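Reading through the structure tokens given below for one structure.
Just so it is clear, none of the values below were taken in a lab; they were calculated from the coordinates. These figures come from a predicted structure and were not determined experimentally. Note: ideal-geometry Cβ built from the backbone for every residue, glycine included; neighbour counts use all protein chains shown.
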Amino acid sequence: MATQWQSDEWGAFKWDMDAWVATQPLPTKRFGLRGEQHLTFELAFQTDDENKTPSPAAFQCAEGILADPDWLVELITTALFDDFQGDGPGSGMWWDGDIDAVEEILGVDIPEEPQQLAALLYLTRILIRENHRLEIDGPLAVISFGAAFEEEHGVEFLSDGQEVYGIGYTADAQPFGL
């Protein structure tokens with residue numbers, strides 16, 4: 001039973017119940033909850049057990065997400081902005097289409113540009129899952145953030161790095177339409 005595994009690109013990973021986990025430097029400083037500096041996040045790869053290492057497809061998913069931090073910011077903030085506005089597929093969360101409630105909690109107006117929402121978030125974890133229930137080819141990233149508008153639970157996005165397939169509370173995000 002292995003408890004540690006070494007990646008050439010991301011260094012040492014430790015087995016933690018259902019995933020290989022390593023602390024990584026933030027890929028971008030554009031996420032920054034209320035000026036706080038969160039300089040690291042967890043990168044994790046879910047596997048069946050500690051005797052399996054992530055597949056090449058899982059690595060490609062992580063590399064695709066982390067290769068272009070500006071795209072990650074745009075992808076996440078646009079999906080969240082659309083959800084606040086009630087546009088797009090809808091998350092079904094309390095903030096879905098209720099920008100007034102979000103503004104009341106924050107005590108400020110929501111920015112007019114989606115990318116400005118990055119200041120309300122800080123990246124905490126990216127978990128790459130190979131087994132998921134979405135009808136997409138390949139692994140899925142579960143991207144978790146602390147959030148100024150949802151301090152208790154945080155917010156999570158389901159994505160392949162090209163599209164967002166769901167938004168919800170951290171550890172409870174559901175695909176759109178469920």
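3J(HN,Hα) along the range 160-171: 9, x, 10, 9, 9, 9, x, 9, x, 5, 4, 6 Hz, from the Karplus curve 6.51 cos²θ - 1.76 cosθ + 1.60 with θ = phi - 60°, whole Hz, x for Gly and Pro. Computing FRET efficiency as 1/(1 + (r/R0)^6) for Ala12 and Gln116, where r is the C-beta to C-beta distance and R0 is 41 Å, gives about 0.70. A simple spin-label model places the labels of Glu42 and Thr3 1.7 nm from each other, with each point 7 Å out along Cα-to-Cβ. Sorted ascending by nearby beta carbons within 10 Å, beginning with the fewest, His153, His132 become His153, His132. When the chain is treated as a Gaussian network with alpha carbon springs shorter than 10 Å, the biggest mean-square fluctuation among Ile110, Ile136, Ile128 belongs to Ile136.
Please compute the Kirkwood hydrodynamic radius of the range 93-133 from all pairs of different C-alpha atoms, in Å with one decimal. The Cα-based Kirkwood calculation yields 12.7 Å. Here the spin labels are modelled as points 7 Å beyond Cα on the Cα-Cβ line, and at Gln60 and Asp172 they lie 3.5 nm apart.
Need one number for the chain: average projected area of the convex hull over its C-alpha atoms, nm².
Mean orientational projected area (the chain, Cα hull): 9.8 nm².
Mean Kyte-Doolittle of at least -1.0 plus a Cα span of 15 Å or more along the axis: flag which DSSP H helices in the chain meet both, please.
Details: long enough: 56-67 (16 Å, 0.98); 69-85 (24 Å, 0.36).
Long hydrophobic helices here: 56-67, 69-85.
Taking neighbour counts of Cβ atoms within 10 Å as a proxy for exposure, in what order, fewest first, do Val155, Val108 appear?
Working: Val155 25, Val108 11.
Least to most surrounded, the residues fall as Val108, Val155.
Evaluating kT/(6 pi eta Rh) at 4 °C and 1.567 mPa s, with the Kirkwood radius of the range 78-178 over Cα pairs in the Stokes-Einstein relation, gives 94 µm² s⁻¹. Estimated from the Cβ-Cβ distance and a Förster radius of 35 angstrom, the FRET efficiency linking Asp100 and Leu26 is about 0.65. From its DSSP helices (H runs of at least four residues, each -39,500 (n - 2.57)), the chain gives a residue-normalised ellipticity at 222 nm of -6500 deg cm²/dmol. Just checking the listed ones, Glu156, Glu113, Glu50: in the Gaussian network model of the chain with Cα springs under 10 Å, the one fluctuating most is Glu113. Based on Cα contacts under 8 Å between residues 6+ apart, the chain shows a relative contact order of 20 percent. When the Gaussian network model of the chain links Cα atoms closer than 10 Å, the mean-square fluctuations of Ile143, Ile105, Ile126 top out at Ile105. Close amide-amide hydrogen proximity is noted between Leu26 and Thr40, Phe41, each under 5 Å apart and 5 or more residues distant or on a separate chain (H modeled in the peptide plane; Pro and chain starts excluded).
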